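**Student:** The structure that follows is given in the form of structure tokens.
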Amino acid sequence: EIDKKFDINAVKVLAARYLRKNEKGEITESIKEAFERVAVQTVLPSLLYDHKIFRKNGKFSGKEPAKNPILTKEYAGKIKIGPYALNPYHVEALGRIFRRFKKNGQLKISERGFLSLFKSGYFDKYEKEIAENFGLMTSRRFIPNTPALINFGNPLGLGSACFVLDIEDSMESIMSTLKNAALIFQAGGGVGYNFSKLRPEGDYVKSTHGVASGPISFMKLYDAMTETIKQGGVRRGANMGILNSNHPDIEKFISIKEGNTTLRNFNISVLIMSDFWEYLKKGKPYPLINPHNQKIAKEIDPKKLFDKIVYSAWHSAEPGVIFEDRANEHNPLLKFLGPIHSTNPCGELLLYPYESCNLGSLNLWNFIEEKENKKEINWNYLEETIHQAVCFLDNVVDVNLYPLEKIEEMTLATRKIGLGIMGLGDLLYDLEIPYNSKEGLKKIEEIIEFVNYHSKVASIKLAKERGAFPYFKNSSYIDGDLPFSGAEDKKSWHFDWKKISRDIAKNGLRNTYTTAIAPTGSISMI
């Protein structure tokens, strides 16, 4: 009854990438079983946020978790939520987050007391939430990003797709980040990096009395690693390589992908620094700064540099550009953490070093209903789904098995989620609205504002129940700012954003970001 909901192309994609296989490569689970293991894992944090267990204003105790934890894989199959038995990886995930909550002083109960609630059937009430998450996915109203579908209820346990890693100007940092990226690729995530801290090619290296090979040579090393890892990973590794416009190697970087013969596992982007535009307007020589000593390495014509970027983007579709000023104009953590200089591999998310984000997309086409021979959007159904999806994605932040402790700490501090959309073209076609018309643009804006608004309402509700993201008090949200330019364009409003702003300042927000428009390659085929 579930498997038949998916067409043959979807079944092929699920079979090739998502369904469990044994050592011989034979499929060992049905589509229904796959979505059940994901649905169970995404509900596990909700058990710990139960009012009987959770202490919202808990303080970090600093105590190490118990040396002999009780909640281990031995309980696999023995503890259930209604009819859903927890497999070994579900139990492992539950034990891991229980001990984190306990360490943070957020629980009123011991591990043994927690287990006793399973035996008494107390947690059976969460069967409904598992069924809702299962229904979200199998009705194809909402699908989470690939790592969650592959890893939840399985050994790797990673549900986030997007990561940013830092690279310092030392061999130790370069090789450590290389290893960390490989671990992320193995689990199906992608990584963005800004290579601008690395000294330019030909710069003197005091420790070896030699010369530096420059950031591009190390990007090639990362590219080769990605090529190798993809043979055994769950999907092809994805990288975003960024270089600041004022780095001495920027001219070589811009044209490095010409002909697509190198860095084939990378997207590349130039971070155009905020001061570049003044040099361009005035025609003044633009200084390129050596990151090692902060001295001017040379000066170049800013117009020639800009023309080179434009020509290369036209000719080779690379590089992309990131505008430092625009990227940080609505950054809610700008004053606290400084400017963001990096994105995830596809560029839809601005992330600080060691941040990660999990994504999921609403299938808009599934919200069409027919009334009196006319098709229209069922807005109530869409609103209900948005609230379910935000809770789903927020739970992923807690239940993730993070590849690095640094990533876990940073992600839990900002709790960024990315609720996006797909099926927009199909929706407009069925509504008989031309995609490129004014009416089409108006409808798109109406839909996106609706998703943004209700994702914020859902995040405020979660903040009341579970607490705001830990960096909230250091963010511009407390001043009433909202992190998108549409908040300033009051003429376009369909909703009361002033009220949302006040509600966030008063009650907090669970997630620094709630929306992102991500690519939906495999999940759109599902």
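**Student:** Being open to solvent by 10 Å² or more (accessible area, probe 1.4 Å) and out of contact with any Pro (no Cβ under 6 Å at 6 or more places or on another chain) is the filter here; which residues of the stretch 271-281 pass it?
**Tutor:** Listed by number, the residues that qualify are MET273, SER274, ASP275, TRP277, GLU278, LYS281.
**Student:** Suppose we filter GLU383, GLU376 for residues that are charged (D, E, K, R), farther than 29 Å from LEU165 by Cβ and part of a helix (DSSP H, G or I); which single one remains? Full working, then the answer.
**Tutor:** Numbers: GLU376 fails: part of a helix (DSSP H, G or I).
Just a single option satisfies the conditions, and that option is GLU383.
**Student:** Here's a follow-up. I'd like the residue in the stretch 182-194 that is outside any strand (DSSP E or B), open to solvent by less than 20 Å² (accessible area, probe 1.4 Å) and of a type outside the set (A, V, I, L, M, F, W, C) and, out of all such residues, is farthest from ALA297 (Cα to Cα).
**Tutor:** GLY188
**Student:** Among the listed residues ILE242, ILE268, ILE256, identify the single one that is in a strand (DSSP E or B), crowded, with 21+ Cβ neighbours inside 10 Å and in contact with a helix residue (DSSP H, G or I) (Cβ under 8 Å, 6 or more places away or on another chain). If you could, list the steps in order and put the result at the bottom.
**Tutor:** On the way: ILE242 fails: in contact with a helix residue (DSSP H, G or I) (Cβ under 8 Å, 6 or more places away or on another chain); ILE256 fails: in a strand (DSSP E or B).
Residue meeting the stated conditions: ILE268.
**Student:** I would also like to ask the following. Under 6 Å between Cβ atoms, at least 6 apart or on separate chains: pull out the pairs that start in the stretch 416-442 with a residue that is closer than 13 Å to ILE377 by Cα and end on any residue that is part of a loop (DSSP other than H, G, I, E, B).
**Tutor:** Partner pairs satisfying both residue conditions: LEU428/TYR435.
**Student:** Give the stretch 310-334 a look and list any residue that's touching a strand residue (DSSP E or B) at 6+ places or on another chain (Cβ under 6 Å) and either among the aliphatic types (A, V, I, L, M) or without any contact (Cβ under 8 Å) to a residue 24 or more places away in the chain (or both), or say none.
**Tutor:** The answer is VAL321, ILE322, ALA327.
**Student:** Across the stretch 288-317, what is the number of residues that are loosely packed, with under 12 Cβ neighbours inside 10 Å and among the hydroxyl-bearing types (Ser, Thr, Tyr)?
**Tutor:** Total satisfying the criteria: 0.
**Student:** Can you tell me which of GLY95, GLY25, GLY58, GLY77 is in a loop (DSSP other than H, G, I, E, B) and surrounded by 15 or more Cβ atoms within 10 Å (Cβ to Cβ)?
**Tutor:** Exactly one residue qualifies, and that residue is GLY58.
**Student:** From LYS197, LYS179, which residue is among the basic types (Lys, Arg), open to solvent by 10 Å² or more (accessible area, probe 1.4 Å) and touching a Pro at 6+ places or on another chain (Cβ under 9 Å)?
**Tutor:** Checking each option against the conditions leaves just LYS197.
**Student:** Going by what's in this entry, would PHE123 be described as of a type outside the set (Asp, Glu), modelled with pLDDT of 95 or more and not in a helix (DSSP H, G or I)?
**Tutor:** In short, no.
**Student:** Follow-up. Take MET225 and tell me if it is touching a strand residue (DSSP E or B) at 6+ places or on another chain (Cβ under 7 Å) and not in a loop (DSSP other than H, G, I, E, B).
**Tutor:** So MET225 does not fit the description; no.
**Student:** Out of ALA458, ALA413, ALA468, I need the residue that is free of Cβ contacts under 8 Å to residues at least 60 places away in the same chain and open to solvent by less than 20 Å² (accessible area, probe 1.4 Å). Which one?
**Tutor:** Going through ALA458, ALA413, ALA468 in turn, just one is free of Cβ contacts under 8 Å to residues at least 60 places away in the same chain and open to solvent by less than 20 Å² (accessible area, probe 1.4 Å): ALA413.
**Student:** Also: Return a yes/no flag: does the stretch 483-505 have any residue that is buried (at least 17 other Cβ atoms within 10 Å of the Cβ) and part of a loop (DSSP other than H, G, I, E, B).
**Tutor:** yes
The values are calculated or read from the model by the stated rules, or taken from the named source; none is laboratory data. Values in this document were obtained by computation on a predicted structure and should not be read as measured data. Because the Cβ atoms are built from the backbone with ideal geometry, glycine has one as well, and the counts that use them run over all protein chains shown. What goes into the accessible areas is simple: the full protein's heavy atoms, side chains included, and nothing from ligands, DNA or RNA. Shrake-Rupley method; radii C 1.70, N 1.55, O 1.52, S 1.80 Å.
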